[in-house]
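Report on the structure given below.
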Amino acid sequence: MTPITTPAAERCPYPELEERVRARLDAQEVLARQARERREEAREYAERAPVVGMAAGPAGYWLAGHTGAVYPIAGAGADGTVQGHVGDIVGVAAMGEPSAPAAPQPTLTSISPASGPAAGGNTITVTGSGFTSTAVVELAPASGANISQRTAASTTYVSPTELQAVVPAGSGTDVVSVQTAGGTTMATLYTYTAPPAPAGPPTVSSISPSSAAIGATVTITGTNLGDATAVDFGTSQAVFSVTSTTSITATVPAPAEGLVPVKVVSAAGASGLVPFVYAT
């Protein structure tokens, strides 16, 4: 069998060209090694603060961690870009230290009570999440020309999930929201209740019994009796107790005067006269 022989390697006839090629290959190897080191650095850094996304900002790209912290990346570009997840990091030229955690977006779950007087001054409890010591509770008309006009309530921070707010004066229905550095909550409704119409003067329809001795208890029936300030038997005032807006119990006062008119007095006026006879 004839042996197979391999010709000796031929030397490059252009030694200067060979050196230049070798230098270029060496430079490419250095760049490849540096790229591998940058990738490894980025991976190690991201493992300490897991990356969930990226965004372009005024100073370049930013990594966002699960804790809410953001990490500026300088020099991201042709030699170092971020695609959004640690597994997609191609390379990072340099990294900065993490910034302060971003303020959370607040949420509003409920307010209690959800209504109050038009004069305001009452306190409501606001429940939700993401509240901070600088949180402000705001109220704005739910409709009409002033819908965009917000009024800040006097706000007291209790916890990340609770605020106390003193409601300003208003009318109708307002939307309540909470504003923090992290944003503004969706709103819930608060209703101002109109003050009740003032009651008219009292009326007396009957006295039972219509005749009794001094010291006896009688029942006076009528309307608008809840705000009574006096019950008069002739010229004498009786001791009385309001049991409802339609009923009063009174003790027949001395002295005995025979037939006397009885009336009930309030700030709105006096009732008509109803006869009562002192029993002997």
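Please give the length that would be gained between residue 118 and residue 243 if that part of the chain were fully extended, namely 0.36 nm times their separation in residues minus their C-alpha to C-alpha distance (nm, one decimal).
42.2 nm
May I ask you to compute the full-extension gain from residue 133 to residue 105, defined as 0.36 nm times their residue separation minus their alpha-carbon distance, rounded to one decimal in nm?
Details: separation 28, 0.36 × 28 = 10.08 nm, distance 1.41 nm.
So the extension gain works out to 8.7 nm.
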Given the peptides 180-191, 120-131, 23-34, arrange them by the average over their residues of other C-beta atoms within 10 Å, most packed first.
120-131, 180-191, 23-34
Between residue 280 and residue 257, how many nm apart are label points set 7 Å from Cα along the C-beta direction?
1.8 nm
May I ask for the distance between the Cα centers of region 159-194 and region 206-237, given as a whole number of Å?
48 Å
Where only protein heavy atoms count, and the probe is 1.4 Å, what is the accessible area per residue for region 212-280 in Å²?
48 Å²
Stretch residue 197-residue 154 to full length: gain in nm at 0.36 nm per residue minus the Cα-Cα span?
12.6 nm
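The values are calculated or read from the model by the stated rules, or taken from the named source; none is laboratory data. No experiment lies behind these values; they were computed from the predicted model shown. Ideal geometry is used to build each Cβ from the backbone, glycine not excepted, and the neighbour counts take in all protein chains shown. In case anyone asks, the SASA skips ligands and DNA or RNA and just uses the protein heavy atoms, side chains included. Shrake-Rupley method; radii C 1.70, N 1.55, O 1.52, S 1.80 Å.
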